[in-house]
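The values are calculated or read from the model by the stated rules, or taken from the named source; none is laboratory data. Fair warning: this is a prediction, and the values are worked out from it, not measured in the lab. Cβ atoms come from the backbone with ideal geometry, glycine included; neighbour counts cover every protein chain shown. Ligands, DNA and RNA are stripped out before the accessible areas are found, and what is left, the full protein with its side chains, is counted by its heavy atoms. Shrake-Rupley method; radii C 1.70, N 1.55, O 1.52, S 1.80 Å.
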Amino acid sequence: MNIADRYTFHIDAYTPETIPMARLASYLGGLASLLGEEKSVHFQAVEPGSTRLACEVEHEATYKVYKRVARAPSADARTPEGRAYRHIEHLLREDSAGARLNRNKENVIDFPRSQRQESSAIKLTQQKISHVGTLVGIGGRDATAHAMLLNAEGTHWSFIVDRALARRLSGYLYGAPIRLIGEGTRERDERGDWSEKDLKATHFEVLKDVGWNEAIRSVRDLGGGWSEDAMETVAFLREDD
């Protein structure tokens, strides 16, 4: 494995001994989404001192990761890197923490410390929430576990699940796409961007992983006035993504 770049995310609110495991998982998920290129970015360690999450990037992915990180602070919230950046901001704001991301020894992103502003956020608690993706992690030492879901755009979600559900999910690790279904808290920040936290899954569905051509055939089979022009338009829009 040819390693070229090392990224270190410094969080000033915790030490490795004091950061809760679930919180560590949330920060790791946000960092993974921020860096992208999941097959070429490898977690290395939680380093001593303030909590420092160290990751290494394989040579062939260095430029893509570098460009993704560079555009993240100004990226639209609808992009994967924009969502990841805002998710990390949200976590730090909850912890009244500051952070910085270093590439090798160079500081590439600053997350200034800011006090949490409850008055600027609108919370909708216990909303029904579901997400679709590949199960890329599951585990925990207490009565509950965390199931980590990764979608095709590189966004991670961490759901709390009980042990019974964790056992059922374990057979789908890195397998067919699934939909985790449950509830959580949706919150809008002072930018007007929505985020989710405290996700807890109660059940799941296994989805059929089909290709684009088969999906188009399935839509055609539904009938209901789908013309050839409409199908060509959908195909054109997909090619333009």
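Worth a mention:
- Members of region 79-105 found to be without any contact (Cβ under 8 Å) to a residue 24 or more places away in the chain and small (Gly, Ala, Ser), listed by number: Gly82
- Options Glu37, Glu17: the member that is in a loop (DSSP other than H, G, I, E, B), among the acidic types (Asp, Glu), open to solvent by 40 Å² or more (accessible area, probe 1.4 Å) and touching a residue at least 12 places away in the same chain (Cβ under 8 Å): Glu37
- Near pairs, Cβ below 7 angstrom, 6+ apart or cross-chain, from region 152-178 (open to solvent by 60 Å² or more (accessible area, probe 1.4 Å)) to any residue that is assigned to a loop (DSSP other than H, G, I, E, B): Arg163/Ala143
- Where Ala84 falls short, out of the listed (1) touching a helix residue (DSSP H, G or I) at 6+ places or on another chain (Cβ under 7 Å); (2) over 24 Å from Lys200 (Cα atoms); (3) not β-branched (Val, Ile, Thr): (2)
Quick grid of which residues meet (1) hydrophobic (A, V, I, L, M, F, W, C); (2) over 19 Å from the mean Cα position of the chain (by Cα):
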residue	(1), (2)
His10	no, no
Glu17	no, yes
Gln44	no, no
Leu53	yes, no
Lys64	no, no
Pro73	no, no
Arg93	no, no
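- As a summary of the residue check, Ser96 satisfies the conditions (1) in a loop (DSSP other than H, G, I, E, B); (2) at pLDDT below 85; (3) out of contact with any Leu (no Cβ under 9 Å at 6 or more places or on another chain); (4) of a type in the set (Gly, Ala, Ser) except for the one numbered (2).
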